[in-house]
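The values are calculated or read from the model by the stated rules, or taken from the named source; none is laboratory data. It should be emphasised that the depicted structure is a prediction, and the values quoted were computed from it without experimental measurement. Counting neighbours? That spans all protein chains shown, and the Cβs are built from the backbone with ideal geometry, glycine included. To get the accessible areas, we keep the full protein, side chains included, count just its heavy atoms, and leave off ligands, DNA and RNA. Shrake-Rupley method; radii C 1.70, N 1.55, O 1.52, S 1.80 Å.
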Amino acid sequence: MARKWKAVVIGAGGSQAQAMLRALARGGATQGWLAVDRAWRAETKNAAQSMGFVTQQMDALADIGKLDELLSQTELVVNMAGPYYRTGTAILDQAIATKTNYLDISDDADVTIPMLTRNAAAEAAGISALIGMGSSPGTTNILIRAAVDKLGPMDDVDIYWTVDLADMTNAAVRHFWHCFNLVDPDGSTHDVAGWEQLEFRDIDFPDPVGRQRLVRLAHPEPITVPKYLAVKRASNFGGLNPEEALITGWCLAHIADERRTKGKLTDAAVDLFLHYRDQRAGAPRIGSGLVIDVHTNGNGLRFASGSDGGMDDSTGIPAAVGAILLMQGLIERKGVFPPEIVSPKDFFSILRDVSGGGGGLTLSSLVNGRAGDRMRIRDLLA
């Protein structure tokens, strides 16, 4: 029996979901899409409808029966409703039960292994479930695959990122704090470490971002990259800028560590951090940056970008690309898998159709740990 919807987006009222909808509209992929949110704001609902999406207000996570009914009517469910350490497996399990293809932008390391353990069940259901299809993870994994496809097996991948304090929404703050709970390759999770136990690196990002202090954080890539690509080790270092925001963020994350406090202090701590953010509203903006080194003994390739733009497009646009790849049958694999399985050539082909432009990503050789000659990404994909 034909299903009613091509795709349903859960959590469609969020800023990153709205960026995804805009990208889909640029690519002409709105027909047969249903955008669902539990509490639409008038402006975001009107924006979605003006782009050609059908909208519906419902709390899909509050009632499993309603969620099953919704998923049984669609070919693809896009889960944009985090935090994923709470929602990821719940919606994925229902997608498997209803034999519905699945996509999310999960960036929580501790749920990555539990989601991947659903692989056999998803294969048996005949569905494709692409997890972590945002910016990081998402674009990062695909860039790393492109580099490994070109270079062959590599020893190390080092991922570095920084985010402007002004871009920290309520959800982003909660995720950033969650990243201080480091996760081992076997899935074991740790309490937020004291300041003296943190591991720091100072990294130079392209203009306008410049040199920033970062800290080792939990993320899915160190788990999935060595598992799905010919890479021995992967690390993730991230931070907020200015450095004062990083220090403030760690301090409140340590005080309100959900593993120790059972979440009792989290809401109050988030409100305090957002008040701190708002008090700095007039401060100069630094922007966001990304550096990915794929190398053996400091020799390999480096991707780098610096921008004064926000996180919404950098996360929402790759999600739109992943959804289109699934809808067009360009991802044939069944089961649960991360973005490493996505063809870089297919990804960038669709990206050109849905991107608003202005990505600013550069590629260069990496020689003894330093950027060397500039290269063209198109040559990497040839």
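So, by mean Cβ neighbours within 10 angstrom, what's the order for 232-245, 250-263 with the highest one leading?
In decreasing order of mean packing, 232-245, 250-263 become 232-245, 250-263.
Remark: the range 319-382 carries 52 Å² of accessible area per residue (probe radius 1.4 Å; ligands, DNA and RNA excluded).
The listed peptides 13-19, 321-327, 293-299, ordered by packing as a protection proxy, come out as 321-327, 13-19, 293-299 (highest mean of other Cβ atoms within 10 Å first).
If the viscosity is 1.306 mPa s and the temperature 10 °C, what translational diffusion coefficient in µm²/s does Stokes-Einstein give for the range 1-134 when Rh comes from Kirkwood over Cα pairs? Here the translational diffusion coefficient equals 107 µm²/s. Computed with every protein chain present, the accessible area of Glu196 is close to 150 Å² [probe 1.4 Å]. Heavy-atom accessible surface of Leu229, to the nearest 10 Å², is about 30 Å², with a 1.4 Å probe and all protein chains retained.
Model label points for Arg280 and Ala121, set 7 angstrom from Cα along the Cα-to-Cβ axis, are 4.1 nm apart. The length gained by stretching the chain between Lys150 and Lys4 to full extension, at 0.36 nm per residue less their Cα-Cα distance, is 48.4 nm. Modelled label positions at Met51 and Gln328, each set 7 Å beyond Cα in the direction of Cβ, lie 1.8 nm from each other.
The convex hull of the Cα atoms of the range 180-219, projected and averaged over all directions, covers 3.5 nm².
Full extension of the chain between Leu265 and Ala42 gives 77.2 nm of extra length, using 0.36 nm per residue less the Cα-Cα distance.
All alpha carbon pair distances within the range 146-196 were sorted into 5 Å bins beginning at 0; the resulting P(r) in whole percents reads 4, 13, 15, 17, 19, 15, 11, 6, 0. With equal scatterers on the alpha carbons only and no solvent term, can you work out the Debye log10 of I(q)/I(0) for the range 66-179 at 0.19, 0.21, 0.22 1/Å? With one equal scatterer per Cα and no solvent, log10 I(q)/I(0) is -1.05, -1.16, -1.21.
Helix-only arithmetic for the chain: the sum of -39500 (n - 2.57) across DSSP H runs with n ≥ 4, divided by the residue total, places the mean residue ellipticity at 222 nm at -11500 deg cm²/dmol. Quick check on the range 132-273: what does the Kirkwood estimate of hydrodynamic radius come out to from the alpha carbon pairs, in Å? Result for the range 132-273, one decimal place: 16.0 Å. Full extension of the chain between Thr189 and Asp68 yields a length gain of 40.5 nm, computed as 0.36 nm times the residue separation minus the alpha carbon distance. If you bin all the Cα-Cα distances of the chain at 10 Å, starting from zero, the percentages per bin are 5, 24, 35, 27, 9, 1. Per the Debye calculation on the range 129-213 with a single equal scatterer at every Cα and no solvent contribution, log₁₀ I(q)/I(0) for q = 0.11, 0.15 Å⁻¹ amounts to -0.44, -0.85.
Quarter the surface of the alpha carbon convex hull of the range 304-382 and you get the mean projected area, 6.8 square nanometres.
On the chain, 48 percent of the accessible area sits on carbon and sulfur atoms, based on a 1.4 Å probe.
Checking the cross-link filter: which aspartates and glutamates have an alpha carbon closer than 19 Å to that of Lys4, excluding same-chain neighbours under 8 positions apart? Leaving aside aspartates and glutamates fewer than 8 places away in the same chain, those within reach of Lys4 are Asp37, Asp68, Glu69, Glu75. Size of the range 263-303: Rg and Dmax of its alpha carbons, in Å, are 18.4, 47. Take 177-185, 126-134 and order them by the average number of nearby Cβ atoms within 10 Å per residue, most first; the result is 126-134, 177-185.
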